[in-house]
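Since every read-out is calculated from the coordinates, none of them should be taken as a lab result. Because the structure is predicted, anything quoted here is derived from the model rather than measured. No Cβ is skipped: glycine too gets one built from the backbone with ideal geometry, and neighbour counts run over all protein chains shown.
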Amino acid sequence: MVITVFGLGFVGLTTAVGFAEKGIKVYGIDVNEERTAVIREGRLPFFEPGLDEALVRNLNKTFFVTENVMQAVAESDCIYYCVGTPYGEGGQADLTYLYSAVESTLSGIQDEKFRVLVTKSTIPPSTTKEKIVPFVEEKGFQVGRQIGIANNPEFLREGYCWDDFMNADRIVLGISDSRSEEILRRLYAGFDIPVFAVSLNTGEFIKYLSNTLLATLISYSNEMSVMADTVGDIDVAGAFRILHMDKRWGGCSMTSYVYPGCGYGGYCLPKDTNAIYSLVKSKGFDAGILHNVIQTNERMPEFIAERIEKNIQPDSCIGILGLSFKPGSDDVRDTPAAKVIRKLAADGYRKIAAYDPIAEGEFKKYYPDIELSYCTDMESVIEKADELVILTAWEEFKKLNEMTDKPIIDCRYML
């Protein structure tokens, strides 16, 4: 079996290399020339443990980066779409990149071979059925006869993508026909993981069910921490750790979500939560809980900045510890740290130093307007700052109390 993967970001590259690791020939395509150049050298364009070594093992053996769409499509049984679906105006999912990749695929089909077009990008429920299928049929293809259409949502955590793909707890296939299901089950035959074949809408919905629950748990925890600060004399960290001992959690590992911090960030949770809220609102239902989840998350950086400003004077030098949206990743998209720093700068705080173990380069690239004094290690930021603020829960920050007597504002409740 041969597959092609459009989009070589976190999800796409993990998917491509993951299937290649199982001996499947995989073509990888990405419009970003800088990214493909890095991958061709056997390096990752982002931080992701385990995937780096797997890329080296499989590059130019079972995984091939190419610009030749015609050849890749001609050889492939399945074409996977792992392109960006950012949220645009009103929070709705922007399908521009997805449509473009599907159109490139259809333009490259020159024979009668049955192929399955599989969307792995996160798209709101009903998108495959109501938008992708009509789009393909408008191009003159009969879905279910010439072309199979499916979705195969991902459940990958940044920083753990490789293990999450190779050792997933479930595989969800949203399918339109039995022939597509048979091909996709063969594709996953080498994985000892339960496979669930469901309707197209159900496949998409399961992904949003997962992400909106995580977003809700995070916002609930953050709102409760603000309530605790409002009441006063409450040990927030201790209270949540005792909450985690409740046997009704059933031993599950949700504690990293049911714990206060600075708000959720990254790519998936902000995009997906906004997208499904916008979708159902356009269909006449205002999802109040989800609306408040989004509002709580948008306000958290302001609450964090206010907490900092209550304890630190504007002429002091603030040492920011952590720029990525979560530990174990260099992803700074929609990171609360950027919003907090912008609020502090707007309120007259001009002396800000910052350190992150791996995300400095990405932060500079995504936020060139933010003026910071970047430090190369914890010792440097401790020396430069008058007070310190933890915005990302990196493991090494747990040693902060041992390294300094300077005031610390722990916005991740980790000390």
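Computed 3J(HN,Hα) for region 385-397, one whole-Hz value per residue from the Karplus formula 6.51 cos²θ - 1.76 cosθ + 1.60 where θ = phi - 60°, is 8, 8, 9, 10, 10, 8, 10, 9, 7, 5, 4, 5, 6, glycine and proline marked x.
Applying Stokes-Einstein at 10 °C and 1.306 mPa s to the Kirkwood radius of the chain, computed over alpha-carbon pairs, gives a translational diffusion coefficient of 69 µm² s⁻¹.
Radius of gyration over Kirkwood radius for region 274-415, both on Cα atoms: the Rg/Rh ratio is 1.03. Largest mean-square fluctuation among T376, T296, T62, in a Gaussian network model of the chain whose springs join Cα atoms under 10 Å apart, belongs to T376. Starting from region 271-371, pick out the trypsin sites (Lys or Arg not before Pro) whose DSSP state is loop and whose Cβ has at most 11 other Cβ atoms within 10 Å. Answer by residue number: K283, R350. Here the dipole of region 208-410 is about 760 debye; that uses its Cα centre as origin and unit charges on the Cβ of Lys and Arg (positive) and Asp and Glu (negative).
As a proxy for reagent exposure, ranking D410, D246, D233 by other Cβ atoms within 10 Å from fewest up yields D233, D246, D410. Residues whose amide H comes within less than 5 Å of that of Q146, counting only those at least five positions distant or on another chain, are absent (H built at 1.01 Å from N in the peptide plane). 3J(HN,Hα) along region 44-55, derived from phi through the Karplus expression 6.51 cos²θ - 1.76 cosθ + 1.60 where θ = phi - 60°, amounts to 8, x, 7, 8, 7, x, x, 5, 4, 5, 5, 4 Hz, with x in place of Gly and Pro. Measuring between their Cα centroids, region 205-228 and region 1-71 lie 33 Å from each other. Charge tally for P124 (other residues, Cβ to Cβ under 12 Å; Lys, Arg +1; Asp, Glu -1): +2. GNM on the chain, alpha-carbon springs under 10 angstrom: the most fluctuating residue among A354, A37, A337 is A37. Here is the link list: K271/K364; K22/K120; K207/K398; K207/K365; K131/K271; K22/K398. Which ones come out longer than 27 Å on Cα distance? Check vs 27 Å cut-off fails for K207/K398; K207/K365; K22/K398.
Summing +1 for each Lys or Arg and -1 for each Asp or Glu among the other residues whose beta-carbon sits under 10 angstrom from that of Y267 gives -2. Amide H to amide H, which residues 5 or more places from V65 or on other chains are under 5 Å from it, using H placed in the peptide plane? Correct list: G28, N60. Sequence-ordered 3J(HN,Hα) estimates for region 15-31 from the Karplus curve with 6.51, -1.76 and 1.60 and θ = phi - 60° stand at 4, 4, 5, x, 5, 4, 4, 8, x, 8, 6, 10, 9, x, 10, 8, 6 Hz, glycine and proline given as x. Report note on the peptides 6-16, 154-164, 184-194: ranked by the mean count of other C-beta atoms within 10 Å, highest first, their order is 6-16, 154-164, 184-194.
Panel note: the C-alpha atoms of region 1-143, placed on their principal axes, show extents of 40, 40, 24 Å (largest first).
Is it possible to state the helix-based mean residue ellipticity at 222 nm for the chain, with each DSSP H run of 4+ residues giving -39500 (n - 2.57), the sum divided by total residues, to the nearest 500 deg cm²/dmol? What is it?
Values: 16 runs with 177 residues, N = 415.
It lands at -13000 deg cm²/dmol.
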